[in-house]
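Have a look at the structure below, then the notes.
Only the coordinates and a few stated rules stand behind these numbers; no lab work does. Please read these numbers as outputs of a predicted model, since none were measured by experiment. Cβ atoms come from the backbone with ideal geometry, glycine included; neighbour counts cover every protein chain shown.
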Amino acid sequence: MSDTPKMIISDSGMLNSPRNRRDILKLMAAGGAMVFLPSMLTACSEEDDSGGLTNPGSGTTVTIDFAKGDIAVLQFAYALEQLEADFYTRVVNAFGSSNLSTTERAVLTDIKYHEVLHREFFKAVLGSTNGFTLTTTYPNINFNDRLSVLNTAKLLEDTGVKAYNGAAQYITDVNNLLAAGKIVSVEARHAAAIADLLSPNTNAFAPTTFDDVTRPATIAAAAQGFVVQKLALANGPASFVQGPNNNG
Amino acid sequence: MEQTTLVGSVDPEILDAVGKRADEIAQGARINGKLAALLALGSIPIALGAISKDVYGQTPSDVLDVLQFALLLEHLEADFYTRGVAATGMIPAGVQTVFTTIRNHENEHVTALQSIISAKGATPVARPAFDFTAKGNLAGFTFGASQYLTFLALAQAFEDTGVRAYKGQAGRLINDKAVLNAALAIHSVEARHASQIRRLRGGKGWISGNSRGDLPAFTQGVYDGEDVVLQAGITITSLPDAGSNGGVTGATEAWDEPLTKAQVTAIVTPFLP
């Protein structure tokens, strides 16, 4: 017994980390022993993949430390890609009960593929040393409702574009800059497609002459609304060079 | 090499780096960074061109070169859409807003790049008299009332090229953050345009493999190399879940690829006078 780590769930944040009972069972297997609080099993259920019973920012802290240089930017991207991948996975999983059109489902399925691949790419790049797994939560989103899904998708894609654009200035290796550039334009393609599904053939697909260039702290605060863990940026760069819209 | 205009062509970050070294050499002498850099330059003038190119990789002359190149591409797009929107009866009423939006963006990109280039003391490249028949590849194309589909096909080629061109040049801007930001802010807007145009043509907003779809063969260079599945040393198709997330198609769609300046030049050359 002395060799077996004892896992004590002592605060609500730890309760919020496992997404469902299966994950808790995995944790138990890993931890060997576990002390439950009474509320734990009511806080998640086998089918609960919505994360709707957990509050954003209530979990353990995940820190992205900019002292790590380019790795921090990749971690920042990884966090966003996890959000997007989880979101679209839930969207696709809810197709059976949603009122999305056939065309919309085709677009959202493609995007789900892309975002999952982006997530797995960053996971592989960062490895176990620099990787982390976020638990997402979408308390105010109705995955059965077309408008709820598309509006959230638009928000996530637009956020992704301005996040990559704003984090690029902290990248020091041209290879990493290119890696980010290869992804951000696909996010922009997504953003345009989603916006056009919402408002066909208006200027919604590209509402501004220049996309926003937004600093990581602002993005992290916006992303926090979908993440159970507390997102923290450490040693965040004091300087930020504004983009053409001068609003980042 | 930039020996004749050495100081002017050296990036401020290089000056800082050289300055720090000179400061160490001076051992406490109160010299400001720039003066120290000049002193240091005096001792290593021949080497500096090599340092700024090979170690740092990017110089202000690179930045200007990128800006002028980007301006040429924006001229191409701006002229194309300006003519398209002005053409009587070509663009269907239901999508006029899409094209006036893109036209406005491209004209504003031109203006912005001209301003940046001028601010850096150079003369912005003038707009050439473009040949939108692409040296006869699109013989008879005159933005005519019945030629909307040709216009749309060209638009796709230009937008997808623009995205890849900016991506290919971004690395040369890594030391000039303001210009990098401007380029990135344009790059993603070009991607939005590309997505919209592709979807107007009944396709996906993203590029599958290296397929040009139904575009004419002379545009294949726009899509060559878009079919890679190796990203930063990682084979995307071998990742967990890749098989259930689009496979090779998903892996090529999820990443856009850069084009070199030479590749872009080859694509654009048929449209130049």
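Considering every residue in B:249-257, what mean count of other chain Cβ atoms within 10 Å of its Cβ is obtained?
Numbers: counts 2, 7, 4, 0, 7, 14, 10, 9, 4.
Mean shielding count: 6.
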**Message:** Between segment B:63-99 and segment A:168-188, how far is it from one alpha carbon centroid to the other, in angstrom?
**Reply:** 26
**Request:** Compute the Cα gyration tensor for segment A:99-145, then decide on rounded, prolate or oblate, letting a ≥ b ≥ c be the square roots of its eigenvalues: rounded whenever a/c is under 1.5, prolate when a/b is larger than b/c in the other cases, and oblate in all that remain.
**Result:** oblate
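Per 0.36 nm of contour for each residue apart, how much would the distance between B:Ser118 and B:Asp214 grow if the chain were fully extended, relative to their Cα-Cα spacing?
Working: separation 96, 0.36 × 96 = 34.56 nm, distance 4.01 nm.
Result: 30.6 nm gained on full extension.
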**Message:** With just the Cα atoms defining each centre, how far is segment B:149-187 from segment A:201-248? Give it in Å.
**Reply:** 20
**Item:** Net charge of neighbours whose Cβ lies under 15 Å from the Cβ of A:Asn247, counting Lys and Arg as +1 and Asp and Glu as -1
**Value:** -1
**Request:** Rank by packing, highest mean first: peptides B:186-199, A:92-105, B:73-86, with packing defined as the count of other Cβ atoms within 10 Å averaged across residues.
**Result:** B:186-199, B:73-86, A:92-105
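Once the Cβ-Cβ distance between A:Asp65 and B:Thr111 is put in as r, and R0 is 35 Å, what FRET efficiency do you end up with, to the nearest 0.05?
On the way: r = 40 Å, r/R0 = 1.15.
It comes to 0.30.
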**Fill in**
Treating only Lys and Arg (+1) and Asp and Glu (-1) as charged, each at its beta carbon, one finds that segment A:116-238 has a dipole about its Cα centre, in Debye to the nearest 20, of 200
**Item:** B:Ala266-A:Ala232 FRET efficiency (beta carbon distance; Förster radius 60 Å; 0.05 resolution)
**Value:** 0.80
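Could you work out, residue by residue across A:128-140, how many beta carbons of other chains sit within 10 Å of that residue's beta carbon, and then give the average as an integer? All intermediate terms of the calculation are to be shown ahead of the outcome.
Numbers: counts 0, 0, 0, 0, 0, 0, 0, 0, 0, 0, 0, 0, 0.
Per-residue shielding by partner chains comes out at 0.
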**Request:** Set the Förster distance to 22 Å, then compute FRET efficiency between B:Thr100 and A:Leu198 from the Cβ-Cβ distance, nearest 0.05.
**Result:** 0.65
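So what is the relative contact order of segment A:145-248, in percent, for Cα pairs below 8 Å that sit 6 or more residues apart? All intermediate terms of the calculation are to be shown ahead of the outcome.
Numbers: 100 pairs, mean separation 33.1, N = 104.
Relative contact order here is 32 percent.
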